[in-house]
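Encoded as structure tokens, the structure appears first; notes follow it.
The numbers here are math on the coordinates, done by the rules we state, and not lab data. No experiment lies behind these values; they were computed from the predicted model shown. Cβ placement follows ideal geometry from the backbone for every residue including glycine, while neighbour counts extend to all protein chains displayed.
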């Protein structure tokens, strides 16, 4: 199959350090190539891939200090995709809704994976207008704010099985890995560490938009002797960071659409201690791959139990549920159905179950 993967331009594919969507696009692209498909990747010029790379900017936009308008580069990329549309059997977008005005009229099957939060009020009128656009969720929980759009399926993220290895013995510190934004709950992770009198290592990215929050809220908390701020890390540093931890703290304060760090920890055998928001109950199996907690008392009890946690079973569960092979197979099933113009699954449309089928341009004009 001739497949186009259209990635965001904020980070390279894969990212050099922190990055979620672009990393997933990389894992999917490389596995599709390995399976023998003809894949073209639209991404920044500093991306690394075995697919054919098409770029509209030399470097990922986060690494261009004088880049003011990031949307402009994405519009240019969409124009390039449209120019090459006849070269593909299917186009898979990962750039949210930026391409909708153009791709709605494509005569090529296309689908979008929505990687972000959908509980933003501004999205309601947009998706009412574009409810015919075929989309994929990365967790069932992600769909809750927009149950009536044209969902083609849920595909949980998956990564290469050998990217992380099992660390059979628990370490002596707690780990936090992610962004320093309020919704990620870093302040709560610090509070938990102090409550348990246990060291906390923080590997975190500070986005420009989060800089004020970091300086005013987080930075003063880093002075405590139990807290160590490592900064932003990538591979292979992330492997030792997660594998040598007693547990990963994931005290999210928002409806997390997926949370790649959870399966990264799982691949090391490291338990995830998380609040039951968003995708957490779908990803973490309580007692098997981590602990789902609701308050400080349950969190402290979970941390006490990490010494008895079976890290080998945790790793085994990762291999069963969250590999790139499984992810690619799930996407290929969606691709093949769409190329054959078969009906989509049952979907809620304004509260009423109905069969939804993709319309061709000729049937909508």
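A few points about this structure:
- Percent RCO, i.e. relative contact order, over the chain, from Cα pairs under 8 Å lying at least 6 residues apart: 16 percent
- Length-normalised contact order for the stretch 41-166 - Cα pairs under 8 Å, 6+ apart - percent: 14 percent
- Residue 82-residue 310 pseudo-label distance in nm [points 7 Å out on the Cα-to-Cβ vector]: 5.5 nm
- In the chain, the DSSP-assigned H stretches of four residues or longer account for a calculated mean residue ellipticity at 222 nm of -8500 deg cm²/dmol, using -39500 (n - 2.57) per stretch and the full residue count as denominator.
- Nearest-ten-degree value, helix 21-34 long axis tilted from longest Cα axis of the chain: 60 degrees
- With the simple model of a label 7 Å out from the Cα in the direction of the Cβ, residue 219 to residue 68 spans 2.6 nm.
- Taking the number of Cβ atoms within 10 Å of each Cβ as an exposure proxy, the fewest-first ranking of 60, 165 is 165, 60.
- Percentage relative contact order, the stretch 174-321, counting C-alpha pairs under 8 Å, at least six apart: 22 percent
- Residue of 88, 250, 322 that the Gaussian network model of the chain assigns the largest fluctuation, springs spanning Cα pairs under 10 Å: 88
- Gaussian network model of the chain, springs between alpha carbon atoms under 10 Å - residue of 136, 209, 24 with greatest fluctuation: 209
- Nearest 10 degrees, 0 to 90: helix 186-196 Cα axis against the chain principal axis: 30 degrees
- Tilt relative to the chain, helix 324-339 - C-alpha long axis, 0 to 90 degrees, to 10: 20 degrees
- When both bridge partners sit in the chain, DSSP labels roughly 5% of those beta bridges antiparallel.
- Separation of the stretch 2-20 from the stretch 168-198 is 28 Å, based on Cα centroids.
- Alpha-carbon centroids, the stretch 126-167 and the stretch 287-307: separation in whole Å: 27 Å
- Exposure proxy shown here: for 316, 201, 172, 219, the number of other Cβ atoms within 10 Å sets the order, fewest to most, as 172, 219, 316, 201.
- Most fluctuating residue given options 108, 78, 68, as computed from a GNM of the chain linking Cα atoms under 10 Å: 68
- Taking label positions 7 Å along the Cα-Cβ direction at both residue 339 and residue 131, the computed distance is 3.1 nm, reported to one decimal.
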